[in-house]
Amino acid sequence: MLTADIPPNQTIYIKNLNEKVKKEELRRSLYCLFSQYGRILDVVALKTQKLRGQAWVCFSEVTAASNAVRQMQGFPFYDKPMRIQYAKTKSDCLVEAEGVYDPNAKKKKKQEEKAERKRRAEEVQQSATANGSAADNNRGPTSFRPASGGGDQETIPPNNILFIQNLPHGTTSMMLHVLFQQYPGFKEVRMVEAKPGIAFVEFEDDIQSSMAMQALQGFKITPQNPMAISFAKK
DNA sequence: AGCACA
């Protein structure tokens, strides 16, 4: 019961998920929603009697998991508030192949499994960006860090309004409209004449804004201007 | 409610 007793883990355990959502959609949506906190290595969701309504999201860093546990606690996801804890055990996708003194078949099998999971993790990433293929060829080499401040941008809680930075001079709201309107729930773009380089883009809800953020993060209107998208502050 | 790795 004391969920606070579970020690920090790179993987978060989510329950109270809407059981009507199909497994692949669930994995994809969780990937989109949580990738704002860091690099996701795997999303596991099973629909067995025992495991439906639950999922595991494995991050590359514990700090990402910690932020996710705090910020997304109770987030209404498919109409149900998510209940998030640290996972109780380490995810298989993290087991390091350092069984040096155990040269038997077990090790080989583990490595095969690891490769298999890696492949599946890549699948998740692909399907996560499949609907935003406009951004794919446009994406920077690695994930882009928003420019301003020190860098705890990741701790801004979700918002249906996105804050866009690093836009090239001459960007118009029309241009952004075209780009963002392709994502469900799009409402409007707002730009401030007095402040070039930034914009606000409003969606109907936090989930839809998250999806668009994930899809267009780092999108380059010019090669020098990868978009830095974060949630607007309330 | 339920902690896995189809």
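The values are calculated or read from the model by the stated rules, or taken from the named source; none is laboratory data. This is a predicted model, so every value here is computed, not measured. Neighbour counts are summed over all protein chains in view; Cβ atoms, including those assigned to glycine, are modelled from backbone coordinates with ideal geometry.
Structure above, values below:
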| read-out | value |
| --- | --- |
| Single residue of region A:40-68 satisfying the filter (within 7 Å of DNA strand B (Cβ to nearest atom) and not charged (D, E, K, R)) that is farthest from the chain's Cα centre (by Cα) | A:48 |
| Those residues of region A:24-52 which are crowded, with 19+ Cβ neighbours inside 10 Å and modelled with pLDDT of 95 or more, in sequence order | A:41, A:42, A:43, A:44, A:45 |
| Pairs with Cβ under 8 Å, 6+ apart, first in region A:44-64 and within 13 Å of residue A:34 (Cα to Cα), second of a type in the set (Asp, Glu) and not in a strand (DSSP E or B) | A:64/A:154 |
| The one condition in (1) buried (at least 17 other Cβ atoms within 10 Å of the Cβ); (2) closer than 23 Å to residue A:157 by Cβ; (3) within 14 Å of DNA strand B (Cβ to nearest atom) that residue A:71 fails to fulfil | (3) |
| Test: residue in region A:97-107 that is within 14 Å of DNA strand B (Cβ to nearest atom) and either modelled with pLDDT of 95 or more or outside any helix (DSSP H, G or I) (or both) | no |
| Filtered residues of region A:1-38 (kept if assigned to a loop (DSSP other than H, G, I, E, B), of a type outside the set (Asp, Glu) and farther than 18 Å from residue A:85 by Cα) | A:20, A:21, A:22 |
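Here's the yes/no breakdown for (1) buried (at least 17 other Cβ atoms within 10 Å of the Cβ); (2) at pLDDT 95 or above:
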{"residue": "A:153", "(1), (2)": "yes, no"}
{"residue": "A:169", "(1), (2)": "no, no"}
{"residue": "A:178", "(1), (2)": "no, no"}
{"residue": "A:196", "(1), (2)": "no, no"}
{"residue": "A:201", "(1), (2)": "yes, yes"}
{"residue": "A:204", "(1), (2)": "no, yes"}
